[in-house]
Amino acid sequence: MVNGVCTCPSTSTFVNGACVCSGGQALVSNVCTCPSTSTLTGTGESAVCRCSGSLGFIDGVCSTCPAGSSVVAGVCTCSGGRLMVDGACTCPSTSTFVNSACVCSGGQALVSNVCTCPSTSTLTGTGESAVCRCSGSLGFIDGVCSTCPAGSSVVDGMCTCSGGRSMVNGACTRPSTSTFVNGACVCSGGQALVSNVCTCPSTSTLTGTGESAVCRCSGSLGFIDGVCSTCPAGSSVVDGMCTCSGGRSMVNGACTRPSTSTFVNGACVCSGGQALVSNVCTCPSTSTLTGTGESAVCRCSGSLGFIDGVCSTCPAGSSVVDGMCTCSGDREIVDGACACAGDQDFTNGKCVPKCFWTHNNVGYECFWTDPSKASLALNNDCEISSPSALDNYVADKRTNKYDEILGDPVISLTATNQDGSAGVTQKATWREYLLTPTTLENKVTFDTFGVFDLEMTATDYSGVATCSGCVAIVDKYPPTAETKCQTTEANTLSTAASYTDGKLAEAITQESRFAAFYSDDNVKNNGGANDRCDDVTAEMQDFFASSASTLASDDNRCFDDDFVTQLLDKTSGGTNLLASATQSELDGLQCTRCCSKSLTLK
């Protein structure tokens with residue numbers, strides 16, 4: 001009591017109903033007093049008891065400060081959030097001492113050297129495994145109970161991101177030098193993910209930024225299993241890594257092909273229908289692998305085989321060999337069918353070079369110049385010889401079974417017009433053809449013009465051989481008139497002639513001469529195809545018409561004995577003008593028939 005007022009000593013404060021002495025003093029008989037081994041320095045609430053030398057207070061006794069502590073305001077004070085317990089620096093029971101600091105477990109925070117859960121959570125468990133738990137499905141983000149964002153879940157009370165990502169501003173975020181692939185962060189350029197951070201090995205440095213960043217070893221070294229190394233044979237440095245060529249992988253420091261492949265011409269070739277996917281030999285999804293090593297084969301189910309990596313029904317002429325649809329006779333599957341290469345034919349069970357009548361299958365030309373011929377023969381007229389055929393029976397002078405009749409074996413020649421009309425085939429026995437080939441050649445005749453495909457077929461006891469050619473039958477004799485056309489003088493056409501019986505007879509004669517000019521009796525043409533394509537014009541201006549009209553045919557006659565009758569039929573209303581009109585009216589009538597025809601033989 002001081003001056004009638006309850007008063008704490010001058011070197012203390014009144015806290016929670018009690019006087020608390022400062023700086024290591026103890027309240028003795030209402031007086032703040034330093035231990036006997038120390039002295040008071042300072043005044044008021046900042047006054048501190050000081051031990052002598054380097055000693056400090058522990059539980060009010062001047063003592064040597066233990067490891068991890070130092071004298072602070074006269075008191076041995078522990079670092080890193082630890083408390084002095086029984087003369088030793090000790091972390092709270094629910095924490096561990098890491099990197100010189102107490103780290104509280106399970107979302108707790110260190111407050112005044114005490115691990116404390118946020119106010120919205122409760123502590124479960126004891127010791128270092130104690131965890132603050134938010135209510136419901138919430139988890140901690142930056143010490144606050146929150147709904148965990150996409151890609152995270154509650155782990156030990158914390159919203160924890162999956163795949164090596166970290167929580168940044170409330171979202172799961174990959175390291176800047178990584179990509180997120182198949183649910184995991186993949187660091188670029190030889191980096192490793194360590195505690196959610198992409199890190200280069202200690203013997204290398206990072207170059208570049210973002211997803212293109214690469215760890216670089218010094219000199220010509222590259223990474224093998226995260227270690228800067230000399231790249232082995234068959235590999236080179238690609239993006240900082242020792243990378244094998246040809247589909248091989250780095251195994252125990254050496255470039256190694258998949259076990260079910262061979263290394264051919266610098267590339268791994270998988271066996272039995274497998275495909276190389278990410279340096280691994282893999283069967284298509286519709287098949288299974290049988291066998292091991294280089295003899296392993298992908299097998300389709302049932303009788304199916306592979307065509308272009310797909311299980312399929314094998315086409316005609318093929319069968320399943322080592323899992324693949326394989327054609328006989330050196331053929332390959334093209335568009336789902338067995339076929340020889342472009343310059344070959346499939347003959348007698350094997351692919352053989354195509355046979356042509358001429359080198360590079362250059363076509364023949366046969367000119368039809370004689371109009372007296374009704375057709376042209378292949379050899380006599382076109383001077384074309386068919387290919388030679390070899391037969392062992394003829395070579396050793398034996399007789400073929402059917403040398404007396406036209407049955408197999410036989411030689412045949414076929415000519416087919418490319419206009420689509422049916423072809424003609426002539427046959428001969430082997431003996432006849434070998435002795436007198438022109439006999440068969442001249443049986444092949446052409447009675448029209450055009451382009452014809454030629455084919456020789458040689459049929460033996462065991463097979464068939466063919467040889468192809470081409471000939472163009474060319475018309476070299478144009479239609480020619482024996483009696484030439486009698487042309488009409490131009491000046492006779494300029495003025496119309498007045499009608500008389502004589503003038504009409506003259507016009508009829510001229511038109512008949514024109515028709516006789518282009519008649520078949522007057523025109524000489526090649527016998528093969530008398531079809532002509534003459535250039536024709538024919539038009540007539542009839543009586544009262546104001547202009548000429550085209551005639552349907554040049555055979556239509558303009559002048560004949562019915563001329564006057566036709567004129568009267570054209571008069572208006574059928575009135576007889578000669579009986580009803582005056583002479584002046586008759587003089588003014590325009591009743592003229594004018595005819596013009598021309599034709600050029602082609």
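Only the coordinates and a few stated rules stand behind these numbers; no lab work does. In this text, all values refer to a predicted model and were calculated from it rather than measured experimentally. For neighbour counting, all protein chains shown are included, and Cβ atoms are generated from backbone atoms with ideal geometry for every residue, glycine included.
Side notes on the structure shown:
- Whole-Hz Karplus values for the range 159-166 come out as 5, 10, 6, 8, x, x, 7, 10 Hz, taken residue by residue from phi with 6.51 cos²θ - 1.76 cosθ + 1.60 and θ = phi - 60°; glycine and proline positions read x.
- The value of relative contact order for the chain, using C-alpha pairs under 8 Å at least six residues apart, is 5 percent.
- Debye, to nearest 20: dipole size of the range 101-256, +1 on Lys, Arg Cβ, -1 on Asp, Glu Cβ: 160
- Were the residues from Glu365 through Glu482 laid out at 0.36 nm apart, the gain over their Cα-Cα distance would be 39.3 nm.
- Cβ-based net charge around Lys484, under 13 Å, with every Lys or Arg adding one and every Asp or Glu removing one: +1
- A Stokes-Einstein calculation at 37 °C with viscosity 0.692 mPa s, built on the Kirkwood radius of the chain over Cα pairs, returns a diffusion coefficient of 82 µm²/s.
- Partnerless cysteines in the chain, where a partner means another cysteine C-beta under 4.7 angstrom, comprise Cys6, Cys185, Cys268, Cys470, Cys485, Cys533, Cys591, Cys594.
- Share, in percent, of DSSP beta bridges within the chain that are antiparallel, nearest 5: 90
- Take the Cα radius of gyration of the range 355-475 and divide it by 2.2 N^0.38 Å, N being the number of residues; the result is 1.09.
- On Cα atoms only, tilt of 501-517 relative to the major axis of the chain in degrees: 60
- Charged-residue dipole, Cβ positions (Lys, Arg, Asp, Glu), the chain about Cα centre, Debye nearest 20: 4580
- Whole-Å distance, taken between Cα centres, linking the range 1-44 and the range 214-256: 75
- Applying the Karplus relation 6.51 cos²θ - 1.76 cosθ + 1.60 with θ = phi - 60° to the range 24-36 yields 3J(HN,Hα) values of x, 6, 10, 7, 10, 6, 6, 10, 6, 9, 6, x, 5 Hz, where x marks Gly and Pro.
- Cβ crowding within 10 Å averaged over residues, with 354-365, 214-225 ranked highest first: 214-225, 354-365
- Ordering of 532-541, 85-94 by packing [mean C-beta count within 10 Å, highest first]: 85-94, 532-541
- Unit charges at the beta carbon, dipole of the range 250-333: most positive-side option, Gly323, Val277, Val310: Val277
- Relative to one another, the C-alpha centroids of the range 306-335 and the range 76-109 are positioned 76 Å apart.
- Over the range 77-185, the hull volume per residue, using the convex hull of the C-alpha atoms, is 118 Å³.
- For Asp308, neighbours were defined as the other residues whose beta-carbon sits under 12 Å from its Cβ, and their charges (Lys and Arg +1, Asp and Glu -1) total -2.
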